[in-house]
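The values are calculated or read from the model by the stated rules, or taken from the named source; none is laboratory data. All values derive from a computational prediction rather than experimental measurement. Counting neighbours? That spans all protein chains shown, and the Cβs are built from the backbone with ideal geometry, glycine included. Note: accessible area is taken over every heavy atom of the protein model, side chains too, but ligands, DNA and RNA are not part of it. Shrake-Rupley method; radii C 1.70, N 1.55, O 1.52, S 1.80 Å.
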Amino acid sequence: MIGIIGGTGVSSILNKGKEKIINTKYGKSKVLIDDENDTVLLFRHGLKHNTPPHKINYRANLYALKELGVDRILAINSVGSLKEHVKPGTFFVPDDFIEFTKARECTFYDGEDGVVVHIDVSEPYCPQMRCILKDILNKRNYEYSEGIYICTEGPRFETKAEINFYKNIGDVVGMTGYPEVVLARELEICYASLCSVSNYCTGISKHKLTVNEVFDTIKEMEEKILKIANDFIHCDYKKTCSCKNALKGAVIK
């Protein structure tokens, strides 16, 4: 079973399947189940984009996918570029992350049940899924780059001073990539991210950043995003990675 987690602007193009509410011990999560393609679609911000990034119930979302039998997730994220060569309108495939969030529930193992886990994130994104994703992008001749994803709390955009700092340690900035990637790892689910570069960040761009600019760029990329998602859903996949053993050696007994 494949999980597709949609972000900014993609609910309108990936909106198909039977709606279902999944009740988890972390809260409720609404999904669309596409039985024809063994796919579960989940939209972080809701179909009407009415949940800001810092209010998303990431634990309920990821746990719901696990309960539905999802064993690999393609996350679709919108990001701002910290580097001039990472151009708006192109794609980005993160291989690592740094997070600057402040108040998010970021683990399933918070000690309440007596279990402490220190999950390894030396390779946070599934290497096999990243290879598949890059192969799809290459075959379609879609421009993309790789590097480090910086996750901020949001919902505000970053200041010029923050961007000046972030550009020395990362390549793109987003608000939803964390804690998704870590929660997926704790559940031993393969996870990769396809980032749509929607804009240059504050201070790199020569003009004031607006949400219209972000949504306009994503709108222009809709067809490409849909093709990539369809290619990913229908690709020949045989799991060879070690993501399913992520908890091995991580649990304090």
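Couple of notes before you dig in:
- Test: residue in region 124-137 that is farther than 22 Å from Gly3 by Cβ, among the aliphatic types (A, V, I, L, M) and in contact with a strand residue (DSSP E or B) (Cβ under 8 Å, 6 or more places away or on another chain): no
- Elements of the type strands (runs of 3 or more DSSP E) sitting completely within region 1-117 and holding at least 1 residues that are among the aliphatic types (A, V, I, L, M) and under 27 Å from Glu213 (Cβ atoms): these cover 2-6, 39-43, 72-81, 91-100.
Here's the yes/no breakdown for (1) within 19 Å of Val40 (Cα to Cα); (2) touching a Leu at 6+ places or on another chain (Cβ under 6 Å):
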| site | (1), (2) |
| --- | --- |
| Arg185 | yes, no |
| Ile189 | yes, no |
| Thr202 | no, yes |
| Lys208 | no, no |
| Val211 | no, no |
| Val214 | no, no |
| Lys227 | yes, no |
| Asp236 | yes, no |
| Cys241 | no, no |
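- Region 181-218, residues that are touching a Lys or Arg at 6+ places or on another chain (Cβ under 9 Å), closer than 19 Å to Tyr166 by Cβ and not hydroxyl-bearing (Ser, Thr, Tyr): Val197, Cys201, Gly203, Ile204
- Close Cβ contacts (under 6 Å, 6 or more residues apart or on different chains) running from residues in region 158-185 that are under 16 Å from Leu65 (Cβ atoms) to residues that are of a type in the set (Val, Ile, Thr) and open to solvent by 10 Å² or more (accessible area, probe 1.4 Å) comprise Arg185/Ile119.
- Test: residue in region 106-121 that is of a type in the set (A, V, I, L, M, F, W, C), modelled with pLDDT of 95 or more, under 28 Å from Lys244 (Cα atoms) and open to solvent by less than 20 Å² (accessible area, probe 1.4 Å): no
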